[in-house]
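Below is one structure, written out as structure tokens; the observations come after it.
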Amino acid sequence: MDWLSLAFSQIVNGLQAGSVYALVALGYSMVYGIILLLNFAHGDIIMVGAYTAFYAMTAFHLHPVVSVVLAVLVSTALGVFVEKVAYTPLRSAPRLSLLITAIGISFLLENGAQLLFGADTKSMDPMVRGGIRLGTTTVSFAAIITIIVSVIAMAALSLLVRRTKLGKAMRAVSEDMGAAQLMGISLNKTISFTFAVGSALAGIGSVLYLCAYPQASPTMGSMLGLKAFVAAVLGGIGSIPGAMLGGFAIGLLEAIVSAVGLSEWKDGVVFAVLIVVLLVKPTGILGKKITEKV
Amino acid sequence: MKKRVFAMVLAAAMVMAMLASCGSGSTSAKSGSNEIVIALITNTTGDYAQYGIPVHNAAMMYFDKVNAEGGINGKKITVLEYDDKADGVESVNAFNLAMEKNISAVLGSVLTGATIALSDATFEAGVPQVTASATAEGVTVIDPDDANSAIRTNVFRSCFIDPFQGEKMADYAVNKLGAKTAAIFYETGSDYSEGVKAAFEQKAAQLGLQIVATEAFAAGDVDFKPAMTNIASKNPDVVFAPIYYGEAGLAVTAARAAGCTATFLGADGFGSVKDYASAEDLEGTVYCSGYAPGTDSVKQFEEDYCKTFSVDAVPNMFAPLAYDAAMILCYGLEKAEAAGLTAGTDAYRKAVIEAISGMNNVEGITGSYSFDAKNNPIKTAAIIELTGGDEVFKEMY
């Protein structure tokens, strides 16, 4: 394999991983944008989505498309449920309480899944097989589907936020919650909607994740969530284009680090990025500069 | 007043008990002429009893079998059974109690921590000890970090230590598969993976097997495609992956997707990998294991174990390894008996130790045994091959 085709396949690998990170990072960013909460349970919603798709296909033998829809629906419902049960009662509480609650929910979901599904990794047959040969390299269909689906999902999200009434309401609430309420925007509805959209993206992410790595385990969401969090911070947390950019950047960075033969340091490099961003440009690439009163 | 009387009665009872125990100790020492006393120290209760009970059961099965066949040199083996609850202090206490009964050898303990504590005590007393399951280097080597460290010459084990598998697979790759180049894929931060990998590299260098790529991942990582793309670009003959089955499945799948056709090699962490990747991707993958269920040499043992203890299957690899540990111990006892020594004496114990370290390809049920300079077994490993989506025993190597 010459280095050009090697570089090409590594870029495809990076884009594939990056699209999943981007979808998950969007959920982080949207929720942070609207209620300033780092929703650390977000990664675990992906885990639940992955288990849903897994059981739908293996235990109930549903059609893959039905399973995918089911996984997205369950993730969405769970995201909204968590918001209603755990976060809404704490809306006026200090932000730290909210953050700790999010971590608690994350543990609850992980250990609940372990109790329910067992600590083993569940493995299934790959949903998508094969690929296209381009010269000396092969690009798998899974990679192509992942990249295309995530780009479509992101385009749809952009349209939703920019062009629809609900999108307008979301932007208004994230700008000024009090003023938005005074203008007659329903706070509860808008926040729940944000969680629903974020979790639906996580659901799509979980299915794409299963396409790439056909395994589900109770703790699969924690590392994925953390890396997506780094992606969101890198892009500028609260910014939707930033989350997409950050996701792809982290995915490509991982692939490049592996490509130059430093796969031992992959995770280290990702978290080093977090530290550097927080030190040098805490608002991220596309984040707005806000002076916060303490 | 009443209290004082009660205390005196208690004290008297304790003195009586002590005298009684001394008495029984001396009788067993006296009757040493027609029996060989050994200690079996395992954790049959407590947190890790799932490992200790099979060791205890299988070892007792072997000793009972020897006794039923007339014992060693006409003498019965008397087994003193102790439960150490996987606690080092308890194992040493058990050993000290057993020493009062003039034991000739010790079989135990089960978990690494307790076994190291016990081996310190047996080393000082010069009593032969065989463990079935403690894999840490520190069991036989006093300071594993020091290459010139002294060895506990009296301690042996029937299981192989982790790095041994790396050497075995490098050897197998070169001599059986004819590999010239290899890639390594391992898990950073895992003692098991890094230890086996280091041993593989060392052996590969000795055998002239060229390592063309070394890639790694951290716990929790699943995205192995970039690493596998790198490995595929180097086109190695084999990929050695000392990792566990879940990640192994992902690694093989990712490698095939990246266009890598090399044979995957694994260590015993690969057991049950068949459920974690497709049959066609796994085809031809080989790994080594300490024990291959259902093979000819262990079949009889498995049947007997299931019948004796009314279970459906042998619980884990510790049972057959304990059976072999008992075999190793009895081999030493036989040699000491043949030399005409008196059981329980220092000369007898020394003879047992010398006999075991001089073992040369003695057949057990999990392989044949010889011991290296560090008292670790040089034994054959079971090579398991993935064929048509099943894990099939291929050969002993």
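The values are calculated or read from the model by the stated rules, or taken from the named source; none is laboratory data. Predicted model, so just to flag it, every value in this text is computed and none were measured. Cβ coordinates were reconstructed from backbone atoms using ideal geometry, including for glycine residues, and neighbour counts include every protein chain displayed. The area values use the complete protein model at the heavy-atom level, side chains included, leaving out ligands, DNA and RNA. Shrake-Rupley method; radii C 1.70, N 1.55, O 1.52, S 1.80 Å.
Some observations on this one:
- Across segment A:113-129, the number of residues qualifying as at pLDDT 85 or above and either touching a Lys or Arg at 6+ places or on another chain (Cβ under 6 Å) or open to solvent by 30 Å² or more (accessible area, probe 1.4 Å) (or both) comes to 4.
- Scan of segment A:188-222 for residues that are free of Cβ contacts under 8 Å to residues at least 24 places away in the same chain and either closer than 19 Å to A:LEU108 by Cβ or assigned to a helix (DSSP H, G or I) (or both), ordered by number: A:LYS189
- Some residue of segment B:311-330 being on the phi > 0 side of the Ramachandran plot and out of contact with any Lys or Arg (no Cβ under 9 Å at 6 or more places or on another chain): no
- The residue that is surrounded by the fewest Cβ atoms within 10 Å (Cβ to Cβ), counting only those in segment A:47-102 that are assigned to a helix (DSSP H, G or I) and of a type in the set (Lys, Arg), is A:ARG95.
- Any hit, segment A:52-73, residues being more than 30 Å from B:PRO236 (Cβ to Cβ), more than 14 Å from chain B (Cβ to nearest Cβ) and touching a Lys or Arg at 6+ places or on another chain (Cβ under 9 Å): yes
- Where strands (runs of 3 or more DSSP E) fall wholly inside segment B:110-192, the ranges with 2 or more residues that are of a type outside the set (Ser, Thr, Tyr) and assigned by TED's automatic domain parsing to the domain that holds B:GLY246 are B:181-188.
- Reported count of residues in segment A:227-261, each being in a helix (DSSP H, G or I) and at the interface with another protein chain (Cβ under 9 Å from one of its Cβ atoms), is 7.
- Cβ-Cβ distances below 8 Å connect the following pairs, each with a first residue in segment A:113-128 that is in contact (Cβ under 8 Å) with a residue 40 or more places away in the chain and of a type in the set (Phe, Trp, Tyr), a second residue that is surrounded by 17 or more Cβ atoms within 10 Å (Cβ to Cβ) and assigned to a helix (DSSP H, G or I), and a separation of six or more residues or different chains: A:PHE117/A:TYR51.
- Top-ranked residue of segment A:262-272 - restricted to ones that are more than 7 Å from every other protein chain (Cβ to nearest Cβ) and open to solvent by 30 Å² or more (accessible area, probe 1.4 Å), ranked as farthest from the chain's Cα centre (by Cα): A:LEU262
- Just one of the numbered conditions (1) among the small types (Gly, Ala, Ser); (2) more than 19 Å from B:ILE328 (Cβ to Cβ); (3) in contact with a Gly (Cβ under 7 Å, 6 or more places away or on another chain) is not true of B:ALA147: (3).
- Scanning segment B:96-121 for residues that are open to solvent by less than 10 Å² (accessible area, probe 1.4 Å) and under 20 Å from the mean Cα position of the chain (by Cα) returns B:ALA105, B:VAL106, B:LEU107, B:GLY108, B:SER109, B:VAL110, B:ALA114, B:THR115, B:LEU118, B:SER119.
- Near pairs, Cβ below 6 angstrom, 6+ apart or cross-chain, from segment B:124-147 (small (Gly, Ala, Ser)) to any residue that is in a loop (DSSP other than H, G, I, E, B) and crowded, with 20+ Cβ neighbours inside 10 Å: B:ALA132/B:SER158; B:SER133/B:VAL110; B:SER133/B:CYS159
- Pairs linking a residue in segment B:233-261 that is at the interface with another protein chain (Cβ under 9 Å from one of its Cβ atoms) to a residue that is of a type in the set (Asp, Glu) and open to solvent by less than 30 Å² (accessible area, probe 1.4 Å), with Cβ atoms under 6 Å and 6 or more positions apart or on different chains, are B:THR253/B:ASP281.
- Some residue of segment B:190-204 being open to solvent by 30 Å² or more (accessible area, probe 1.4 Å), touching a Phe, Trp or Tyr at 6+ places or on another chain (Cβ under 7 Å) and within 14 Å of chain A (Cβ to nearest Cβ): yes
- One residue stands out in segment A:35-45 among those that are part of a helix (DSSP H, G or I) and open to solvent by less than 10 Å² (accessible area, probe 1.4 Å): the one that is nearest to the other protein chains (Cβ to nearest Cβ), namely A:GLY43.
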